[in-house]
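Asker: I'd like to ask some things about the structure below.
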Amino acid sequence: MTFIPHTPAQRAQMLAAIGVDDIEQLLDTIPAALRLRRDLAVPAAQGEVELAGELQELLVVNQFIPPRRVFAGGGLYPHHVPAVVDELSHRGEFYTAYTPYQPEISQGMLQCIYEFQSYICLLTGMEISNASGYDGGTTLADAVQMALASHRGQRRRLIFAPHVDPQYREVVATYNIGMEMDLQQLAPVEGEFTSADRLNELLDDDTAAVVFQYPDCLGYLDDELEMLIGEVHRREALAIVLFYPFAAGLLKTPGELGADIVCGEAQCLGNYMGFGGPLLGFLACTAKLVRVLPGRLIGRTICERDGQPGAGFVMTLQAREQHIRRAKATSNICSNEALLALRACLYMGSVGRAGFTQLAALCHSNACLARERLLQIGGLSDFYANRQFFNEFTLKFPPGKRDLAYDHALSCGMLAGIKPDARDLPDLDDALTFAFTEVHCEDDIQALVNCLKEEL
Amino acid sequence: MATFYYTKTHEYIREDNGAYFLGITEHAQQELGDITYVELPAAGTEFAKGDVCCTVESVKAVAEVYAELALKVVTVNERLEDEPELINQDAQGEGWLLQIELADAGELSDFMDQTAYDELEK
C-alpha cells in the first residue's frame, strides 16, 4: 500500500478524465498576480543521519527545567506520575484504541471511561460526569453552553466572578462567539472577597450562570463561595465552578458547596505538563442537567455472560443534538480524551483514596513552608493577606523587582512561578503566583528562596 | 365533551370544560415511535405564536412542539417525566403536554377541526 496519493500516472488519468492538458491549465482562472510562480522556500530533503544530527543540535539548545524546580501552576502542575501509569497506559490495547464505543469489542476501554467518570464524580461531588473533554478551557466553554441551553435561550448573561483565569475567559468568549452572550466581569476589589451585594449588582433575571474558579487563579479560596452560590440559585441561575481536582484531597468538593456544573483541567491526575498539552478536560453536573451535558456517558449495565449474570459497560447516553440537531448542541467538540482519561484512572487507582489525601496535604504543607520562607525575604508580601490557599499563592514584589527576580531564577534553572495576568488589577504587574506540589522537597524550596534573595 | 383543534405541524389543542390542553396528535405519536423523553417548560412561561414550547424525543427522532398561537403555561403534565410512554398510549388523552391559557381564544378559528385534520391525514 502506498501512502503517497496521486502518482504522476493518476494525475494524468484525472486530467484526461476532465479534459484538461495539464495542471497549469486547471489553474488558469487564478489571476496571474496572485500566483507565487516559484517553489516554496523549504529546505531540501536530508538523509536520516544528517537529519538526526541537526535535530540533536537543536535539542541541546533547549533549556530543561526538572519538575522539582518548576514552581509554577496556573492550571498545569508538576505532579509526580507513578511509573505504573506510563507502563500500563502504553499497552497496545489502550494506546491504539480509537472511537471505542462498540461494547462487543471494547469492554476494557468502556470500563475505563466509566471509572474515569466515577472518579470525576467523587472529586467534584457531582452526580454525572461525561467521558472527558479536550482541556479545562474548552470544558468551561461547554459548561457555559450548557447553562444557556438549560434556560432554553431565554437568558443571555454570563457573569465571571473575580479572578477566574483571564485566559479561560478568553476561551469562553472566542469558542462561543455568535452565541449572543452578555459577558460580565465582576471586578475584584483589593483586599475584599465578593459580597452578596456586589454580586447582586450584576445578577439579574437574564443571568444564565455565574462562573467561579476554586481555588481562584491567584491560588486563593473564597470562604463565602457557598453563600455566593446560594445567591446565584436565588435568581434561578446556575453556578459553574472551574475546579482544580487535586484540591479535592483536602477541600470540600464544589458539589458540597452547591455547584450545578463543575469543570476544569485534570492534567494533574497522572498526566505530564508536556509543552502545555495534550490536556484532559473534565465536565460534571447535577443529574438534572444530564440532557444538556455534551459528549458521551458510559454506563454499567447488567447482562448475561456465559449463562451467568454479570455486568457490562455500554454507551448509555449521548444527547443526539450533537449529531443531528447541531444548532442545539452544547459543545463544538463533543469528543473525549480517552488515553489521558485512562491515565487519570490508573493514577487514582494507584494512589488510592488515602494516598490522594496525603498527597494533597503534602502539596498544601509544601506551599505553607514555601510561603513562610519567602516572606522572610525583605520586600515580599502576600498579595492578599489572610486568605486561605491550597497549594498556590501570590506574592507582591517591590516595584520593578518582579521581572529581575523571575529572570534571575530562570538563569539558575528555576521557573519561579507565573506572572499573573494584570488586566483586572494593575498591581499584579509586581506579583508572581507560586505553586508547590509533592515533588518539591525542602531543598528545592530553599533553593528558590536563596535564588530570589539574591535579587532582592 | 372535549373539542379538538389541530395544526398542520400535528399539535392539538383540546378544549375541555373551558380548560385548554396542548399535545401532539395520535398521528404524530405513531410517526415518532416509542417516546423516550419529553422536555417541558416551566409553569408560567409565555410563548408567542411560532415559538418552540416543548421537545419530544423518540427512539427515531427529536420533534419540536410549536405554540401555534400566543399562550401561557398553566401547568405541565408531570407524569411524563417518568412515563413518557403515556404519549404513545394515549396521545390525545392522558398524554397531554401542557395545560395552557390562551391570549385570544378567537385565534382557534385558524386551526383545523377533526374533519379537516382527518382529511389532511389522507
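Asker: List the number of the failed condition for residue B:16; all other conditions in (1) more than 10 Å from the chain's Cα centre (by Cα); (2) within 14 Å of chain A (Cβ to nearest Cβ) hold.
Answerer: (2)
Asker: Restricting segment A:116-156 to residues that are among the small types (Gly, Ala, Ser) and within 14 Å of chain B (Cβ to nearest Cβ), which is surrounded by the fewest Cβ atoms within 10 Å (Cβ to Cβ)?
Answerer: So the residue we want is A:153.
Asker: Let me ask another. With the requirement that a residue be over 17 Å from the mean Cα position of the chain (by Cα) and either within 14 Å of chain B (Cβ to nearest Cβ) or at pLDDT 95 or above (or both), what does segment A:157-180 give you?
Answerer: A:157, A:158, A:159, A:160, A:161
Asker: Under the condition of being assigned to a strand (DSSP E or B) and loosely packed, with under 13 Cβ neighbours inside 10 Å, which residue from segment A:304-315 is farthest from the other protein chains (Cβ to nearest Cβ)?
Answerer: Going through the qualifying residues, I end up with A:308.
Asker: Looking for something assigned to a loop (DSSP other than H, G, I, E, B) and of a type outside the set (A, V, I, L, M, F, W, C) - is there at least one such residue anywhere in segment A:50-62?
Answerer: yes
Asker: Kindly establish whether residue A:368 is free of Cβ contacts under 8 Å to residues at least 12 places away in the same chain, part of a helix (DSSP H, G or I) and more than 23 Å from the chain's Cα centre (by Cα).
Answerer: yes
Asker: Among the listed residues A:222, A:216, identify the single one that is modelled with pLDDT under 95, closer than 23 Å to residue A:426 by Cβ, under 25 Å from the mean Cα position of the chain (by Cα) and of a type in the set (D, E, K, R). Please lay out each step first, then the result.
Answerer: On the way: A:216 fails: modelled with pLDDT under 95.
Selected residue: A:222, the only one of A:222, A:216 that is modelled with pLDDT under 95, closer than 23 Å to residue A:426 by Cβ, under 25 Å from the mean Cα position of the chain (by Cα) and of a type in the set (D, E, K, R).
Asker: Taking residue A:341 as meeting all but one of (1) outside the structural domain of residue A:274 (by TED's automatic domain parsing); (2) in a helix (DSSP H, G or I), write down the number of the exception.
Answerer: Among (1) outside the structural domain of residue A:274 (by TED's automatic domain parsing); (2) in a helix (DSSP H, G or I), residue A:341 violates only (1).
Asker: If I go through segment A:172-190 residue by residue, how many of them are within 12 Å of residue A:145 (Cβ to Cβ) and surrounded by 12 or more Cβ atoms within 10 Å (Cβ to Cβ)?
Answerer: Total satisfying the criteria: 5.
Quick grid of which residues meet (1) under 30 Å from residue A:350 (Cβ atoms); (2) at pLDDT 90 or above:
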site: A:7; (1), (2): no, no
site: A:20; (1), (2): no, yes
site: A:35; (1), (2): no, yes
site: A:38; (1), (2): no, yes
site: A:64; (1), (2): yes, no
site: A:67; (1), (2): yes, yes
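Asker: For segment A:268-303, give me each residue that is within 14 Å of chain B (Cβ to nearest Cβ) and either over 29 Å from residue B:40 (Cβ atoms) or part of a loop (DSSP other than H, G, I, E, B) (or both).
Answerer: A:293
Asker: Which of the numbered conditions does residue B:10 fail, given that it passes all the others? Conditions: (1) on the phi < 0 side of the Ramachandran plot; (2) surrounded by 15 or more Cβ atoms within 10 Å (Cβ to Cβ).
Answerer: (1)
Asker: Please go through (1) under 24 Å from the mean Cα position of the chain (by Cα); (2) within 14 Å of chain B (Cβ to nearest Cβ); (3) at pLDDT 90 or above for residue A:341 and return the number of the only condition it doesn't satisfy.
Answerer: So the condition that residue A:341 fails would be (2).
Asker: With respect to the numbered conditions (1) in contact with a helix residue (DSSP H, G or I) (Cβ under 9 Å, 6 or more places away or on another chain); (2) part of a helix (DSSP H, G or I); (3) more than 14 Å from every other protein chain (Cβ to nearest Cβ); (4) more than 24 Å from residue A:437 (Cβ to Cβ), which one is the sole condition not fulfilled by residue A:248?
Answerer: (4)
Asker: Checking residue B:94 against (1) surrounded by 14 or more Cβ atoms within 10 Å (Cβ to Cβ); (2) at pLDDT 95 or above; (3) part of a strand (DSSP E or B), which single condition isn't satisfied?
Answerer: All conditions pass for residue B:94, except number (3).
Asker: Here is a follow-up. Residues of segment B:38-81 being within 11 Å of chain A (Cβ to nearest Cβ), in contact with a Ser or Thr (Cβ under 9 Å, 6 or more places away or on another chain) and surrounded by fewer than 16 Cβ atoms within 10 Å (Cβ to Cβ), which ones?
Answerer: Across segment B:38-81, the qualifying residues are B:59, B:64.
Asker: Scan (1) surrounded by 15 or more Cβ atoms within 10 Å (Cβ to Cβ); (2) in contact with a helix residue (DSSP H, G or I) (Cβ under 7 Å, 6 or more places away or on another chain) for the single condition residue A:399 breaks and write down its number.
Answerer: That leaves (1) as the condition not met.
The values are calculated or read from the model by the stated rules, or taken from the named source; none is laboratory data. These figures come from a predicted structure and were not determined experimentally. Glycine gets a Cβ as well: all are built from the backbone with ideal geometry, and neighbour counts include every protein chain shown.
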